[in-house]
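The values are calculated or read from the model by the stated rules, or taken from the named source; none is laboratory data. Here the structure is a predicted model, which means the values were calculated and not measured. Note that each Cβ is placed from the backbone with ideal geometry, even for glycine, and that neighbours are counted across all protein chains shown. For accessibility, only protein heavy atoms count, side chains too; no ligands or nucleic acids. Shrake-Rupley method; radii C 1.70, N 1.55, O 1.52, S 1.80 Å.
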Amino acid sequence: MIRTLFALGVPALFSATALADIERTDFSVMSEPGVEIGIREIVDGDQMRLGAPVVLLHGARVPGIASFDLSVEGGSLAEDLARNGLAVYIVDLRGYGASSRPAEMEKPPAVSAPLVRSGDAVRDLSAAVDAILERAGVAQVAILGWATGGHWAGYYAALNPRKVAKLVFYNTLYGYTADHPRIGRGSRLAMAQAPDQFDLERFRNYRLNPGDSLLPGWDRSIPLEDKALWRDPQVAEAYVETALASDPTAFDRNPPSFRAPSGALADSFLVATGAALWDARLITADVLIVRSENDFWSRPEDAALLRKHLSGREVGRVEVVQIPQATHFVHLDRAAWGRSTFLDAVTGFLAGPSE
């Protein structure tokens, strides 16, 4: 079914804080020896639990808390979902936020193999899901993946279909189709002299990201000269500040910058040039595909092919929500410019009954 909707530092193990009736608990699990995965649980103690526990999975650069749980009004998708009765878990994969970083990330970036490829990400997500299932005492989770997070979530769900009840692809690449002008062949991710190859000289094994690198892409996708009319300046400021705060070494550098593995970009380049790292036809979960019209990451053909492959399954339903004019960051934009539409669609899907 397609619905086109129009819209104007590392936490301590099991430390808990509360903001009003919202309870936040930070804990960690081991993915493999030496790899610790940070997880934040967000629940509303006054709400009856609805649906499966929801895993929120960040994208290629900014980790989980900065992506989904900013401490300003309109900046926490996690809190909005919790207030609707969902138990929410924000997961940081290795190399990000509250999780362990590969030893190579303790040294300056090097022209060597990109760190944290999709296989590593799926192993970490698997460990996190198993811990969440045990903690919640249930058999299945729901997963919402933003951008590359959706790629990792789909990969995991294809390998572990019985553990995923619902899946939200949010501005996500899929694969099989080439010609992505922004991140595919001949794009800024490609070598100038070899447009079919990822530019390892530029992106190295990991990247350093200063705060002023986070907003330009968002700004360009907002079709208003005054960005504050579309995006609350407090949300933008919190997004930058929280991303920097996610890396304990950020302020050791001038300008301050947080580290992010380059494996996600290398794999996204493969997908954007026609590779397929997983197949949606193996997924048995109910699926919601959300795409913003002004998204610079996913393409209309990603959503279309995902829907085609998912619609051919014998189990699981698929819905597609297209949000006109919305940006890649619609869950952080103002309510009138797509956020309310996004929240209604995602909350209704996740809290509603399964197929």
Next item on the list: Would you tally the residues in segment 35-49 being modelled with pLDDT under 95 and open to solvent by 40 Å² or more (accessible area, probe 1.4 Å)?
Entry: 5
Check: Restricting to segment 52-87, what's the tally of residues that are over 19 Å from Ala245 (Cα atoms), surrounded by fewer than 21 Cβ atoms within 10 Å (Cβ to Cβ) and in contact with a helix residue (DSSP H, G or I) (Cβ under 7 Å, 6 or more places away or on another chain)?
Finding: 4
Next item on the list: Please find, within segment 197-217, the residue that is surrounded by the fewest Cβ atoms within 10 Å (Cβ to Cβ) out of those that are in contact with a strand residue (DSSP E or B) (Cβ under 9 Å, 6 or more places away or on another chain) and within 13 Å of Asp267 (Cα to Cα).
Entry: Gln197
Next item on the list: Please find, within segment 232-270, the residue that is nearest to the chain's Cα centre (by Cα) out of those that are surrounded by 20 or more Cβ atoms within 10 Å (Cβ to Cβ) and of a type in the set (S, T, N, Q).
Entry: Ser268
Margin query: So, Arg339, is that one open to solvent by less than 50 Å² (accessible area, probe 1.4 Å), touching a helix residue (DSSP H, G or I) at 6+ places or on another chain (Cβ under 7 Å), under 26 Å from Ala52 (Cα atoms) and not hydrophobic (A, V, I, L, M, F, W, C) or not?
Written below: yes
Item checked: Set Ala66, Ala78, Ala52: member being at pLDDT 95 or above, touching an Asp or Glu at 6+ places or on another chain (Cβ under 7 Å) and within 23 Å of His151 (Cα to Cα) -> Ala78
Check: Taking Arg281, is it surrounded by fewer than 23 Cβ atoms within 10 Å (Cβ to Cβ) and in contact with a strand residue (DSSP E or B) (Cβ under 7 Å, 6 or more places away or on another chain)?
Finding: no
Checklist line | Only listed residue being aliphatic (A, V, I, L, M) and buried (at least 16 other Cβ atoms within 10 Å of the Cβ), chosen from Leu189, Leu229, Leu224 | finding: Leu189
Check: Would a scan of segment 302-314 turn up a residue that is assigned to a loop (DSSP other than H, G, I, E, B), open to solvent by less than 30 Å² (accessible area, probe 1.4 Å) and under 20 Å from Ser221 (Cβ atoms)?
Finding: no
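Restricting attention to segment 287-301, which residues are in a helix (DSSP H, G or I) and of a type in the set (Asp, Glu)?
Applying the first criterion (in a helix (DSSP H, G or I)) to segment 287-301 yields 300-301.
Once the filter is applied, which keeps residues that are in a helix (DSSP H, G or I) and of a type in the set (Asp, Glu), segment 287-301 yields only Glu301.
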Next item on the list: Kindly provide the set of residues from segment 319-355 that are part of a helix (DSSP H, G or I) and of a type in the set (Lys, Arg), ordered by number.
Entry: Arg339
Margin query: Residues that are part of a helix (DSSP H, G or I), farther than 21 Å from Asp92 by Cα and aliphatic (A, V, I, L, M): does segment 200-223 have at least one?
Written below: yes
Next item on the list: Quick one: which residue in Ala121, Ala178, Ala153, Ala142 is touching a Gly at 6+ places or on another chain (Cβ under 6 Å) and open to solvent by less than 10 Å² (accessible area, probe 1.4 Å)?
Entry: Ala153
